[in-house]
1. Could you provide, to the nearest whole Å², the per residue accessible area of the chain with probe 1.4 Å?
2. Give the label of the value calculated from the structure for percent of Cα pairs over 33 Å apart, choosing from [x] 16; [y] 11; [z] 23.
3. With just the Cα atoms defining each centre, how far is region 238-256 from region 112-176? Give it in Å.
4. Hey, if we sort 163, 86 by accessible area with the 1.4 Å probe, largest down, what's the order?
5. Net charge within 13 Å of residue 247 by Cβ-Cβ distance, Lys/Arg positive one each and Asp/Glu negative one each, not counting residue 247 itself?
6. Report the charge-dipole magnitude of the chain in Debye, nearest 20, computed about the Cα centre from +1 at each Lys and Arg Cβ and -1 at each Asp and Glu Cβ.
7. Going by the alpha-carbon gyration tensor, a ≥ b ≥ c the square roots of its eigenvalues, is region 105-234 rounded (a/c under 1.5) or, if a/c is not under 1.5, prolate (a/b greater than b/c) versus oblate?
8. What does the charge add up to near residue 112, with Lys and Arg as +1, Asp and Glu as -1, over the other residues with Cβ less than 11 Å from its Cβ?
Amino acid sequence: MSTVVAGPTFWPVELGAEVLTAYRDFIPHAPRDLNAFFLFGSVPPAPPFPEELHLRKIAGVVWYYAGEDTDAAARVMAPLLDALPTPLLHAPAPMPHPAIQSAFDGLYPPGDQWYWRADFVNDIPGDAIGPHAKFGAELPTWKSTMHLYPIDGAVHDLAPTDTAWSYRDARWASVYAGVDSDPANAEAIKQWTVDYFDALHPFSAGGAYVNMMMDEGQERVRASYRDNYACLARVKADRDPENLFRLNQNIQPAEG
């Protein structure tokens, strides 16, 4: 697929609870050729975004339709848009696949300060919506963000033990990312991220996508692989018994 229909839709962050609720109800029933992740963030202060929206905090959806038919894309997006007030910006458009893949590259150059937390999520009950809306409205810096990625489609066609990744029953992957270019803000972005994570972790499935975790301890790594951890530890003992490759979310070699 060389051309896709992709791009953002933004609503005021004050509508965060309403947008997240509508997204939660919409995306599990969307066709496989449509992907859309939810986010809290700020409008980047640069083209192609309208200047009057620059740095405005928003609740949004970033769309990806695997096809170049804009009418077909609009039809599958319509149920979510019809359920919500008129957005500040609705800008999905045909583009080369690599363009959406690299859309965030210019916003986050090397050298930015980052602090991550993440979770897999099975359900987003009403009690989770309020905390999401609260922390989404309290972004500590304009680069900080929360993304909620759908886990659906072909992912659910395999069993949890078919590959190393066991969370094929999960429905979303959440990531909380405090980001800023100024090292002086490192503690502020970390505190927001940890507080957001702590408030929502009770609603999680337990583990997380390991590329979006910090140094959170071995039990957290085990939780992210669940029953597959023991098998992976035996493979590690066979291929890397000295644990040379350990500067990661480490699977430790099995003993014996």
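The values are calculated or read from the model by the stated rules, or taken from the named source; none is laboratory data. Treat the numbers as computed from the prediction; the structure is a model and nothing was measured. In this analysis, Cβ positions are derived from the backbone assuming ideal geometry, glycine residues included, and neighbour counts consider all displayed protein chains. Remember, those area values only see protein heavy atoms, side chains included, never the ligands or the DNA or RNA. Shrake-Rupley method; radii C 1.70, N 1.55, O 1.52, S 1.80 Å.
1. For the chain, the per-residue accessible area is 50 Å².
2. Matching entry in [x] 16; [y] 11; [z] 23: [z].
3. 27
4. 86, 163
5. Computed value for this residue: -1.
6. Working: 18 positive and 33 negative charges, 51 e Å.
So the magnitude is around 240 debye.
7. prolate
8. Surrounding charge for residue 112 is -1.
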